[in-house]
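Presented below is the structure to which this report refers.
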Amino acid sequence: MTNPANFNESPARWKRVIIKMSGEALASSSSEETIDAEVVDRLAGEIASAREMFQVEIALVVGGGNIWRGTTGEHAGIERSTSDTMGMLATVINALALQEALERHNQPTRVLSALSMAEVAEPYIRRRAIRHLEKGRVVVFAAGMGNPYFTTDTPAALRAAEIGAEAILKGTHSGVDGVYTADPRVDPTAKKFEEIAFMDVISKDLRVMDLTAITFCKDNNLPILVFDLMNSGNIERALRGEAIGTLIR
Ligand code: UDP
């Protein structure tokens with residue numbers, strides 16, 4: 001896989017990371033498509049080239065909100081655990097789309113699912129995930145944690161701790177490129193933090209990630225970089241250590 005001509009001398013800021021992306025990042029802003037092949041292809045290309053450029057180990061956690069969220073069904077009267085399971089299955093669909101696109105970019109990729117479905121994905125086994133990463137494969141963690149009552153933010157934090165990732169790169173897709181004092185789409189005076197402490201995110205109730213995930217990252221010293229995933233080249237910038245987004249630590 002290594003292409004010496006492409007190899008970047010500058011070291012990556014982190015050697016093993018989790019990129020958390022919402023399912024909606026794969027959807028189309030210009031149409032009704034739940035998965036936009038062009039968007040997935042662009043993201044996959046950026047992930048593959050950043051991995052190659054920095055020789056960094058990358059695992060992905062993808063949400064399912066473009067297809068289904070547990071709370072959607074709950075509001076419609078579907079029992080919460082069933083609705084959450086539907087949401088977890090939605091993440092598997094997104095994971096397969098990412099795997100296919102990454103492999104089209106010649107990046108070997110394995111989907112590891114927290115719910116067993118032997119025909120489509122490997123089961124999640126921590127040591128196997130680490131082995132894949134060491135071999136230069138991208139790992140996509142699918143089906144969240146396999147438990148209802150969570151969103152994919154918490155499994156992103158949990159898997160990061162389990163595999164010894166040094167940081168979580170939380171990609172946004174809504175045009176908000178970091179953590180602000182208020183929602184910049186509503187309040188034009190909102191200011192962006194370059195860096196912020198976990199405690200401040202919690203005490204100021206800045207909803208960048210689920211509170212469960214934030215607390216977990218705080219307790220386990222896992223920094224989170226919140227950045228605009230949709231801005232082309234940002235994954236590379238984040239890994240290079242450029243001051244983009246907001247670092248929570
Ligand atoms: N989900 C779950 N357990 C998990 C992860 C996800 O039950 O460990 C369900 C939950 O219903 C959630 C849905 O899967 O709403 C899709 O995930 P998420 O909402 O995180 O998707 P995103 O907003 O990131 O696209």
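If you take the charge dipole of the range 93-152 about its Cα centre, with +1 on Lys and Arg Cβ and -1 on Asp and Glu Cβ, which of 118, 138, 151 is farthest toward its positive end?
Value: 138.
Need the list of aspartates and glutamates near residue 192 for cross-linking: C-alpha distance under 20 angstrom, and skip anything on the same chain fewer than eight residues off.
Candidates past the 8-residue exclusion: 177, 183, 200, 205, 210, 228, 242.
Need one number: nm distance between label points at residue 38 and residue 100, each 7 Å from Cα along Cα→Cβ, rounded to one decimal.
Distance between label points: 1.8 nm.
Below 9 angstrom from the Cβ of residue 181, what's the summed charge of the other residues (Lys, Arg +1; Asp, Glu -1)?
Around residue 181, the charge tally is +2.
Once Lys and Arg get +1 and Asp and Glu get -1 on their Cβ, which of 176, 234, 72 lies farthest toward the positive end of the dipole of the chain?
Working it through, the farthest residue towards the positive pole turns out to be 234.
Quick check for me: using +1 on Lys/Arg Cβ and -1 on Asp/Glu Cβ, what's the dipole size of the range 1-110 about its Cα centre, in debye to the nearest 20?
Magnitude of the dipole: close to 500 debye.
Before anything else, pin down the relative contact order of the chain: Cα pairs under 8 Å, at least 6 apart, normalised by residue count, whole percent.
21 percent
Over what distance in Å are the Cα centres of the range 48-110 and the range 156-207 separated?
Between the Cα centre of the range 48-110 and that of the range 156-207, the gap is 20 Å.
Report, in listed order, any pair from 135/191; 135/204; 135/170 with a Cα-Cα distance greater than 32 Å.
Table pairs above 32 Å Cα-Cα are 135/191; 135/204.
Apply the a/c threshold of 1.5 to the C-alpha gyration tensor of the chain and tell me whether it is rounded, prolate or oblate.
Cα axes put the chain in the rounded bin.
Need the full-extension length gain, residue 182 to residue 72, defined as separation in residues times 0.36 nm minus the C-alpha distance. One decimal, nm.
37.0 nm
Provide the packing ranking of 155-162, 31-38, i.e. peptides ordered by the mean count of other C-beta atoms within 10 Å per residue, highest first.
Ranked from most to least packed, the peptides come out as 155-162, 31-38.
What value, in deg cm²/dmol to 500, does the helix sum -39500 (n - 2.57) over DSSP H runs of n ≥ 4 give at 222 nm once divided by the residues of the chain?
Theoretical 222 nm ellipticity from helices: -11000 deg cm²/dmol.
What is the extension gain from residue 149 to residue 118, computed as 0.36 nm multiplied by their sequence separation minus the C-alpha to C-alpha distance, in nm to one decimal?
8.8 nm
Report for the range 99-230 the percent antiparallel among DSSP-assigned beta bridges with both residues inside it, nearest 5.
So the antiparallel bridges in the range 99-230 amount to around 10 percent.
Quick one: length gained pulling residue 30 to residue 199 fully straight, 0.36 nm per residue minus the C-alpha distance?
Stretched fully, the residue 30-residue 199 segment lengthens by 57.1 nm.
Read the figures in this text as sums done on the coordinates, not as results from a lab. Here the structure is a predicted model, which means the values were calculated and not measured. Note that we place each Cβ from the backbone using ideal geometry, even for glycine, and neighbour counts take in every protein chain shown.
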